[in-house]
Amino acid sequence: MSAIIDTKRAAERLLLSLTPSIPTALESVDFEPPVNTMYQRVQFMLNPPDDPVFTAGYHRENIQMQVFVTDTKGHGTVQVNTRAELIRSAFYKGRTFIEGSTRIHILRTPQMQSAFAVQDRIVVPVLINLVAEVGG
């Protein structure tokens, strides 16, 4: 299996295992945002791979998982920030996990960004940098 697919699958599984669970919009999956309740939306950004000279075929995929925690406006940001902190603590710096034959590392503390408003919702992004080792 592709290291990119393995990384996405493992990261989504970890996100979906968090308690309490909330509705989650996964990349390219039909999703109707719930009314008057919190949800999270996930997307992945593929960055250029690192190609250190170790062995032929070895490289590291650099993938950023972006989780947008979304709630209704009008009651502050405590709930969305609490959820964002939960996500951040699950994807802690130093965590390593394996999916298939892919070793995935989190080498940096995930970044929580400032809350912003979109229509009737408040959104807090959490950016998680994942590194997947390929080959070698």
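What follows is calculated from the coordinates using simple rules that are stated; it is not laboratory data. Note that the structure is predicted; figures quoted are calculated from it, not measured. Cβ sites come from the backbone with ideal geometry, for glycine too, and all protein chains shown count toward neighbours.
For the reader, a short list of remarks on this structure follows.
- Sum of side-chain charges, T109 neighbourhood, beta-carbon under 10 Å (Lys, Arg +1; Asp, Glu -1): +3
- DSSP beta bridge pairing in region 3-134, given as percent antiparallel to the nearest 5: 95 percent
- Remark: region 19-30, residue by residue, has Karplus-estimated 3J(HN,Hα) of 10, x, 7, 9, x, 10, 8, 8, 4, 6, 10, 4 Hz, where x stands for each Gly or Pro and the curve is 6.51 cos²θ - 1.76 cosθ + 1.60 at θ = phi - 60°.
- Given charges at beta-carbon only (K, R positive; D, E negative), |dipole| of region 1-103 in Debye: 320 debye
- For region 3-134, the Kirkwood estimate of hydrodynamic radius, built from reciprocal distances between every pair of different alpha carbons, is 15.6 Å.
- Mean separation of Cα contacts under 8 Å (6+ apart) over length of the chain, as relative contact order %: 27 percent
- With K and R counted +1 and D and E -1, the other residues having a Cβ less than 15 Å from that of L18 yield a net charge of +3.
- Remark: relative contact order (region 73-115) = 35 percent; criterion is Cα-Cα distance under 8 angstrom and separation of 6 or more residues.
- Near-label residues of region 106-136 by backbone N, under 16 Å of a point 7 Å along Cα→Cβ of F31: 118, 121-128
- Arranged from fewest to most other beta-carbon atoms within 10 Å of their beta carbon, Y92, Y39, Y58 become Y92, Y58, Y39.
- Charge dipole magnitude, Cβ of K and R +1, D and E -1 - region 54-105, Cα centre, debye nearest 20: 120 debye
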